[in-house]
Amino acid sequence: MLRTFGVASAGLLAGCSETSDSPSGASGSGGGGGNTDGGDGGGDATWKPFEFDRPVTYTYDVYSPDDGAGTLVWDVTDVTDDGATVTVRYDTTETQFETTVTGTKDDLQSELLMTPAGPFIVTTIFSPTMAQYEGRSLTVGNEWSYSSSDGSMRFEVTERQSYAGVDCFASVTEIDGQTVHEGCFSPELELAPHTAYYDEDGDRTYEMTLVSVEE
C-alpha cells in the first residue's frame, strides 16, 4: 500500500511548511466526468467526513489497478453519539467482499484496512490527501500549498460539479506542478462524491464516482 499516492503523500506533508489560503479566482480543470454547473462561491461551506448523523447508503462505481472496475456500497445504519454501523460491499472484477463494522472513524479505518478491500479503501476514502479538504472553506478559487526540500504540494477548489444529483466542490491536488488527485466534496455528504488519482504519466490509477445516494 505504500506505493499508492494516498499513503505516500503523508511523507511529503510531514515537515512541510504551509502557505495561507488565498482565493485565486481560477476556474480549474474540472475532470472526473462530473457535470459543471458554472457556479462559484461556497461561503463558509465545509466538508466534514465521517460525521454520520443519519442512515444513508452510498453506491459508487470504482476502479483500481489490482481489482479492475466494479462497485462499492457504503451502507450506514444504527447511528449513535459514539459512531455508526457501516456495511461495506466491494464487488469488482477480481475481488468480492462484504463486511459490517461498528464504531468511530478510527474503528472503521482499522477494521476495513485488514479486509480484501483495504488497499482500495485506505487509498481513497481514508486517504491523507482527502483529509486535506476536511474543514477547509469550500470556495471556488480557494487554494493552499506546502513546500519542503522534498518538493511542493498545491491544493485548489476549482469549480462546482454534480454527481448523482449531489452538488459538490471540485478540487485538484498537484505535486511539483503535476496533477495527482482530483476530487469533489459536498457539505451535505460525509463521503466525497468523487475522487481520482493519477500516476506520473497522467494515467488514472484509483477512482470512485458516486452513482446514487439513498437516505
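Mind jotting down the three principal axis lengths of the stretch 132-215 based on Cα atoms? Whole angstrom, largest first.
Over the stretch 132-215, Cα extents along the principal axes are 46, 28, 18 Å.
Projected onto the charge dipole of the stretch 56-214 (+1 at Lys/Arg Cβ, -1 at Asp/Glu Cβ, origin at the Cα centre), which of T85, S152, S110 gives the Cα projection farthest towards the positive end?
Most positive-ward Cα: S152.
Quick one: which residues, 5+ away or cross-chain, put their amide H under 5 Å from the amide H of T158? H built at 1.01 Å from N.
HN-HN under 5 Å from T158: G141, A170, S171, V172.
When only the heavy atoms of the protein chains count and the probe is 1.4 Å, how do Y163, Y146 rank by accessible area, highest first?
Solvent-accessible surface, decreasing: Y146, Y163.
Quick check: the distance between the Cα centres of the stretch 94-129 and the stretch 149-166, to the nearest angstrom?
23
Restricting the calculation to Cα positions, tell me the Rg (one decimal) and the Dmax (whole number) of the stretch 44-125 in Å.
For the stretch 44-125, the Cα radius of gyration and maximum Cα-Cα distance read 13.0, 42 Å.
For the stretch 56-214, count the residues as N, evaluate 2.2 N^0.38 Å, and divide the Cα radius of gyration by that value, please.
After normalising by residue count via 2.2 N^0.38 Å, the value is 1.04.
Once you charge only the Cβ atoms, +1 for Lys and Arg and -1 for Asp and Glu, what is the size of the charge dipole of the stretch 56-214 about its Cα centre, to the nearest 20 debye? The partial results should precede the final answer.
Working: 6 positive and 30 negative charges, 56 e Å.
It comes to approximately 260 debye.
The values are calculated or read from the model by the stated rules, or taken from the named source; none is laboratory data. Computed from a predicted model, the values in this text were never measured in an experiment. Cβ sites come from the backbone with ideal geometry, for glycine too, and all protein chains shown count toward neighbours. We work out accessible area using only protein heavy atoms, side chains counted, and drop any ligands, DNA or RNA first. Shrake-Rupley method; radii C 1.70, N 1.55, O 1.52, S 1.80 Å.
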